[in-house]
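Each remark here refers to the structure printed beneath this line.
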Amino acid sequence: MMADHASTPPVDLAGWLAWLESRNATQITLGLERVAAVWERLDITLTLPVITVAGTNGKGSTCAFLEAMLRAGGYRVGLYTSPHLLRYNERVRMAGEEVSDADLCAALAAVESARKDIPLSYFEQGTLAALWLFARAGLDAVVLEVGLGGRLDAVNILAADCAVITPVDLDHQAWLGQERETIGREKAGITRPGRPLVCSDPQPPATVLASPAAPVLCLGQQFRVEPDDDGRWTCRIGDAVFPALPRPSLLGAHQYDNAAAALAALWQLRARLPLPVSAVRAGIAQAQVLGRFQVVGRTPLRILDVAHNPHAARTLALQMADLPPTGRRIAVCALLGDKDLTGVVAALRASFDIWHIAPLEGERAGPVAALADALRLAGCASRTHISVTAAWSAACRAAGAADTITAFGSFHTIAAVLQSIREQETSMGCADDR
């Protein structure tokens with residue numbers, strides 16, 4: 001990673017992002033020393049409540065529920081998530097709105113001026129820029145999604161007032177370790193002594209439970225999800241009961257757990273962020289996030305999901321099983337080369353009749369032939385295409401009105417499909433009947 005700062009600052013957001021990408025030969029650089037040093041130079045203090053969310057799957061949805069509940073309660077919330085799908089601005093939201101290009105440029109320039117000779121990665125500079133904006137916005141609370149791991153992730157320069165850890169599974173082993181317990185230890189690094197931890201993993205690693213957080217609230221023990229006969233549900237947090245909660249706006253049975261974790265975190269911070277039950281209900285019913293079993297068309301049924309590891313694939317398989325048994329199930333899939341391709345295929349082999357697969361770009365992409373081999377060994381029919389857009393187009397042309405097309409895999413996969421939908425939906429032959 002290069003340490004030199006720009007002699008001529010970029011003039012727009014696209015220029016800043018391109019410059020940050022070109023400056024960083026190493027895209028993933030873990031460690032807090034450099035980012036903490038620049039944070040100190042920025043001389044920023046955030047005294048508002050901070051909720052930090054780590055985990056392998058479910059982070060984005062949990063953050064969406066946190067933001068939606070707080071906003072429904074009248075609070076101004078800063079939300080920082082990653083990665084983005086279509087626009088970098090998706091990563092930084094304040095009061096429910098994406099931050100403008102101009103504000104992001106000002107923040108990136110402020111960080112660049114402060115860093116001087118200290119090298120920062122793309123993610124680290126973006127994280128500091130988001131925090132710089134949050135500190136100036138008069139917010140009531142901040143929700144931070146960990147980018148990778150937890151202990152050494154840039155967002156961890158802030159001490160979380162409440163930490164949330166979603167289900168932990170094998171992913172990013174090259175950086176986090178080869179075993180679930182080791183990965184759990186990295187995730188638990190976002191906790192602080194004497195501050196609460198909420199864990200929505202029904203069987204958390206022992207390393208998570210051994211964190212210095214207090215109290216520790218675990219799904220199925222200190223807080224529970226209880227379905228009601230009418231489709232609503234009850235959340236119990238210790239002695240507190242939240243009855244008649246609506247179905248989560250995000251689809252899938254696992255979203256009840258994510259919504260409950262968000263509610264449990266806010267319950268722990270109720271002295272600083274009191275919420276009426278009406279705000280809780282509204283937030284659960286209104287939360288939105290791109291690419292999480294997102295329905296983008298009805299005829300044929302078209303679904304987008306960022307499932308890219310075996311745990312997420314197993315969840316997607318359960319969601320697919322809940323769909324009405326009509327027509328064929330068509331997959332559009334592209335995965336990065338460092339993912340467990342065999343594990344993803346094993347979880348979803350019975351979910352689809354045909355797979356349309358494609359390569360991704362970049363140094364982590366890997367050959368699409370590896371995915372084709374995994375599908376062949378699992379007995380799955382597949383067709384290989386030159387790009388995600390081509391695979392999506394082919395699936396759309398082949399689908400009948402009663403079929404279901406599900407695109408899943410990397411965030412890059414879903415971004416390509418979303419862009420294709422927005423630009424070429426009519427010409428691709430997938431008439432939308434939403």
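Scan the helices (runs of 4 or more DSSP H) fully inside the range 54-144 and keep the ones with 1 or more residues being within 19 Å of Gln288 (Cα to Cα), touching a residue at least 12 places away in the same chain (Cβ under 8 Å) and open to solvent by 10 Å² or more (accessible area, probe 1.4 Å).
Numbers: elements: 59-72, 101-115, 122-135.
Output list reads 59-72.
Being touching a residue at least 12 places away in the same chain (Cβ under 8 Å), crowded, with 16+ Cβ neighbours inside 10 Å and over 24 Å from Asp322 (Cβ atoms): is that true of Thr384 here?
Details: touching a residue at least 12 places away in the same chain (Cβ under 8 Å): yes; crowded, with 16+ Cβ neighbours inside 10 Å: yes; over 24 Å from Asp322 (Cβ atoms): yes.
It is true that Thr384 is touching a residue at least 12 places away in the same chain (Cβ under 8 Å), crowded, with 16+ Cβ neighbours inside 10 Å and over 24 Å from Asp322 (Cβ atoms).
Where the second residue is in a loop (DSSP other than H, G, I, E, B) and surrounded by 20 or more Cβ atoms within 10 Å (Cβ to Cβ) and the first is β-branched (Val, Ile, Thr) and lies in the range 188-203, which pairs have Cβ atoms under 7 Å and are six or more apart or on separate chains?
Between residues of the range 188-203 that are β-branched (Val, Ile, Thr) and residues that are in a loop (DSSP other than H, G, I, E, B) and surrounded by 20 or more Cβ atoms within 10 Å (Cβ to Cβ), the close pairs are Ile190/Val146; Ile190/Gly150; Ile190/Ala160; Thr191/Ser211; Thr191/Ala213.
Is it true that Ala285 is open to solvent by less than 30 Å² (accessible area, probe 1.4 Å) and assigned to a helix (DSSP H, G or I)?
Details: open to solvent by less than 30 Å² (accessible area, probe 1.4 Å): no; assigned to a helix (DSSP H, G or I): yes.
So Ala285 fails the test.
Restricting to the range 320-341, give me the number of residues that are closer than 15 Å to Asp373 by Cα and not in a loop (DSSP other than H, G, I, E, B).
Matching residues across the range 320-341 total 3.
Taking Leu46, is it more than 15 Å from the chain's Cα centre (by Cα), at pLDDT below 95 and either in a loop (DSSP other than H, G, I, E, B) or basic (Lys, Arg) (or both)? Can you show your working first?
Numbers: more than 15 Å from the chain's Cα centre (by Cα): yes; at pLDDT below 95: yes; either in a loop (DSSP other than H, G, I, E, B) or basic (Lys, Arg) (or both): yes.
Spelling it out, Leu46 is indeed more than 15 Å from the chain's Cα centre (by Cα), at pLDDT below 95 and either in a loop (DSSP other than H, G, I, E, B) or basic (Lys, Arg) (or both).
Which residue pairs have Cβ atoms closer than 8 Å, lie 6 or more positions apart in sequence or on different chains, and pair a first residue in the range 292-303 that is under 17 Å from Gly58 (Cα atoms) with a second residue that is assigned to a strand (DSSP E or B)?
From the range 292-303, the pairs are Arg292/Asp305; Phe293/Ile303; Phe293/Leu304; Phe293/Asp305; Gln294/Ile303; Gln294/Leu304; Gln294/Asp305.
So Glu423 ticks every box in (1) free of Cβ contacts under 8 Å to residues at least 24 places away in the same chain; (2) open to solvent by 40 Å² or more (accessible area, probe 1.4 Å); (3) in contact with a strand residue (DSSP E or B) (Cβ under 7 Å, 6 or more places away or on another chain) but one. Which box is left unticked?
Only one criterion in (1) free of Cβ contacts under 8 Å to residues at least 24 places away in the same chain; (2) open to solvent by 40 Å² or more (accessible area, probe 1.4 Å); (3) in contact with a strand residue (DSSP E or B) (Cβ under 7 Å, 6 or more places away or on another chain) is unmet by Glu423, namely (3).
Taking only the range 230-269 into account, find how many residues are open to solvent by 10 Å² or more (accessible area, probe 1.4 Å) and assigned to a helix (DSSP H, G or I).
5
The values are calculated or read from the model by the stated rules, or taken from the named source; none is laboratory data. The structure displayed is predicted, hence computed values, not measured ones. Ideal geometry is used to build each Cβ from the backbone, glycine not excepted, and the neighbour counts take in all protein chains shown. Ligands, DNA and RNA are stripped out before the accessible areas are found, and what is left, the full protein with its side chains, is counted by its heavy atoms. Shrake-Rupley method; radii C 1.70, N 1.55, O 1.52, S 1.80 Å.
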